[in-house]
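Structure record follows, encoded as structure tokens.
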Amino acid sequence: MRNQKNIEFGALKIFAAVADSETLTKAAEQLGITQSAVSQAIKKLETGLCTELIVRRSRPTKLTSGGEILKNYTRHVLAETHRMQTDIGMMSRNKVTQLRVGMIDSFGDVISLEFVQNIKPFAERLSLRTGVAAPLSKAFIDRDLDMLITSDPLEEHTDLARFPILRDPFVMIVPENCSKEGSVSPQWLAKNVPFVHYSRETRIGMLTNVIAHRLNIKLNTYYELDSTQTLLRFVQSGQGWAITTGICLLRYTDLLQGIRILPLANGANARYLSLLCRAGELGELPINATEICKDIYTANLIPKLENIGPWLSKQSHIISELPII
């Protein structure tokens, strides 16, 4: 290893031109340098690699076996270098070659189209994956996603950067046939009406249990579901009451007929959505993506929440800090 010498990147570019040219002269013309400079670069490579790379006195230029091997490696090195330069250049302009975004489906269903349209200027190629929080979190930790918009802050991962987006309040939904005029408390519902529960494996199901503990109520769970659409149908048909969020209601406004939407503990309970990424990566792009989400939420979703209930829109707003759940 004592005799091993470094290979200069410039020499590899010259060799690549020689490998694709009929003669050294044509390679020199293509590169805008002298034939002597081309010959010296090839000779330096051969000395460093301890092998001949081209067959001397061969027209057109012919590579040796060692030259063929170097040709394949050189093309790979030059391609990767070009990609690196492109990616860094795009990053300096807040633009990336590829952006893979994960978004919990309750939020993605109501903003994904507008989000994609607004984030396009920052990425050459964009992929958006929606779903429940747990699988998306795993994909993000496994580096299958570059950004994650979620209600789970993944606090155990201290290397992540977190950008708060919004507060999504929890509400009670009850069938009209079991809600009379006036207030209906969660304590009364817990004692008198079956509860329709989100699956406990979901983030929103877990938060439902946290809320029940805070309210000191025991939920009389009859059904456990992993779909907001199915949950609303169960409540609509009079099977029980449930706890959900404002954004979840926006996904299926056609299913709200026959359902009474009530405040839960004066809006004291909410889930908080944030954008997660790896600290030090993606430049200013996470900030831009966060602002896009906030703008869409304020301009498009808050007015829709206002239509569902003025009190609901007052409990929903963008945030600058993530509170402790």
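Taking the conditions exactly as written (part of a helix (DSSP H, G or I), out of contact with any strand residue (DSSP E or B) (no Cβ under 9 Å at 6 or more places or on another chain) and in contact (Cβ under 8 Å) with a residue 60 or more places away in the chain), does residue 250 satisfy them or not? Break it down into steps so the answer makes sense when it comes.
Values: part of a helix (DSSP H, G or I): yes; out of contact with any strand residue (DSSP E or B) (no Cβ under 9 Å at 6 or more places or on another chain): yes; in contact (Cβ under 8 Å) with a residue 60 or more places away in the chain: yes.
Considered against the rule, which asks whether it is part of a helix (DSSP H, G or I), out of contact with any strand residue (DSSP E or B) (no Cβ under 9 Å at 6 or more places or on another chain) and in contact (Cβ under 8 Å) with a residue 60 or more places away in the chain, residue 250 comes out as yes.
Results for (1) at positive phi; (2) among the charged types (D, E, K, R); (3) surrounded by 20 or more Cβ atoms within 10 Å (Cβ to Cβ); (4) within 29 Å of the chain's Cα centre (by Cα), shown as yes or no for each residue.
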site	(1), (2), (3), (4)
206	no, no, no, yes
212	no, no, no, no
224	no, yes, no, yes
249	no, no, yes, yes
253	no, no, no, yes
258	yes, no, no, no
269	no, no, yes, yes
* **Test for residue 262: is it surrounded by 15 or more Cβ atoms within 10 Å (Cβ to Cβ) and part of a strand (DSSP E or B)** => yes
* residue 291 vs. criteria part of a loop (DSSP other than H, G, I, E, B) and either not basic (Lys, Arg) or not assigned by TED's automatic domain parsing to the domain that holds residue 164 (or both) -> no
* Given (1) loosely packed, with under 15 Cβ neighbours inside 10 Å; (2) under 21 Å from the mean Cα position of the chain (by Cα), number of the condition residue 200 does not satisfy -> (2)
* Taking segment 236-261 on its own, how many of its residues are out of contact with any helix residue (DSSP H, G or I) (no Cβ under 9 Å at 6 or more places or on another chain) and either of a type in the set (A, V, I, L, M) or over 20 Å from residue 305 (Cα atoms) (or both)? -> 1
* To do: Kindly check whether there is at least one residue in segment 276-293 that is of a type in the set (Ser, Thr, Tyr), out of contact with any Lys or Arg (no Cβ under 6 Å at 6 or more places or on another chain) and either within 21 Å of residue 145 (Cβ to Cβ) or modelled with pLDDT of 95 or more (or both).
  => yes
* Cross-chain or 6+ apart pairs with Cβ under 6 Å, segment 38-56 first and assigned by TED's automatic domain parsing to the domain that holds residue 19 and of a type in the set (Val, Ile, Thr), then part of a helix (DSSP H, G or I) and surrounded by 13 or more Cβ atoms within 10 Å (Cβ to Cβ) -> 38/14; 38/24; 38/27; 38/28; 51/66; 54/67
* Asked: Limited to segment 14-48, what total is found for residues that are among the polar types (S, T, N, Q) and touching a strand residue (DSSP E or B) at 6+ places or on another chain (Cβ under 7 Å)?
  -> 0
* Asked: So which of 63, 70 ends up being over 30 Å from residue 97 (Cα atoms), within 47 Å of the chain's Cα centre (by Cα) and in contact (Cβ under 8 Å) with a residue 40 or more places away in the chain?
  -> 63
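The values are calculated or read from the model by the stated rules, or taken from the named source; none is laboratory data. All figures in this text were calculated on a predicted structure; none of them were measured in a lab. A quick note on method: Cβ atoms are made from the backbone with ideal geometry, for glycine too, and the neighbour counts reach across all protein chains shown.
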